[in-house]
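The values are calculated or read from the model by the stated rules, or taken from the named source; none is laboratory data. What you see is a predicted model; the values in this text were computed from it and never measured. Using ideal geometry, Cβ is built from the backbone for each residue, glycine included, and neighbour counts are taken over all protein chains shown.
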Amino acid sequence: MWKAFVLAGLLMWGISFSQQKISGKIQSEDGDILNAVLIVDMATNERFTSDDSGNFTVSAGVGDELRFIRTGFMRESYIVTAADASQPLLMTLTRLVEEIEPVKMLHLTGDIDKDSKTLHKENPMDRVNKEIDVPAPPEKPREKPSETVNDILLPVLAGQLNVQAIYDVVSGKSRKQRSLYQYEDFQDKVKWIRERIATEFFTDAGIPENKVDEFIQFALLTEPQISRAIKEKNIDKALLNFETVFPVYIEKMKKDE
């Protein structure tokens with residue numbers, strides 16, 4: 001019995017010994033302090049953030065890979081060494097190059113009637129609504145799919161018969177509508193991610209460029225927190241949760257080869 005206690009004690013001592021406190025500072029390539037940088041220990045999935053002064057302190061073992069993530073910057077990785085416990089780290093993140101939308105060249109003919117149709121003109125009602133802060137209409141007006149309880153059973157109890165709702169449910173139209181809306185919403189999430197996260201974020205993690213869209217779809221299906229992040233428009237939360245899916249997808253790719 002005492003041998004088991006000794007063995008457990010040695011094991012716990014070994015684990016605590018392997019973990020060490022590592023401190024440092026994070027800056028941009030221009031020397032600007034970077035706060036709110038996400039730091040993920042890929043070995044333990046522990047997560048930390050840098051403070052307002054760009055300083056951070058993490059617990060990690062020798063050989064652990066630390067990943068530093070911040071919106072608008074390239075991801076950086078660092079492998080922990082034994083010497084890191086005695087001297088602070090200075091991590092530098094490089095800004096991602098933002099592509100500028102190309103200028104559209106208009107080929108004007110000199111004919112005012114023709115050229116006026118080419119130039120974009122703001123709708124007067126849009127301008128008025130903007131000035132008085134009227135909310136814009138939904139981007140995708142959708143017909144509400146009929147439901148068995150709300151649109152058929154409850155009206156029947158009230159002495160009414162909703163023939164159209166009965167037809168929609170029986171014919172399968174309502175089910176097809178719901179499936180279509182789910183597909184459209186799913187594609188909108190993929191588009192939201194692609195518009196805000198550079199391809200390099202995924203390829204640097206080991207995702208082939210031709211599989212980035214497939215990976216995003218896989219991540220959305222396996223990690224619900226990403227969908228929540230999109231709903232909250234929280235790109236940092238999305239980035240962090242993508243990090244947890246990378247190793248799972250890469251392992252899946254290896255098995256599929």
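Tabulated results
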quantity: Members of the range 51-85 that are assigned to a loop (DSSP other than H, G, I, E, B), surrounded by 20 or more Cβ atoms within 10 Å (Cβ to Cβ) and at pLDDT below 90; calculated: R70, R75
quantity: All helices (runs of 4 or more DSSP H) inside the range 160-209 with 2 or more residues being β-branched (V, I, T) and within 30 Å of K254 (Cα to Cα); calculated: 173-196, 199-203
quantity: Qualifying positions in the range 214-257 - of a type in the set (D, E, K, R) and under 16 Å from D185 (Cβ atoms); calculated: R228, K231, E232, K233
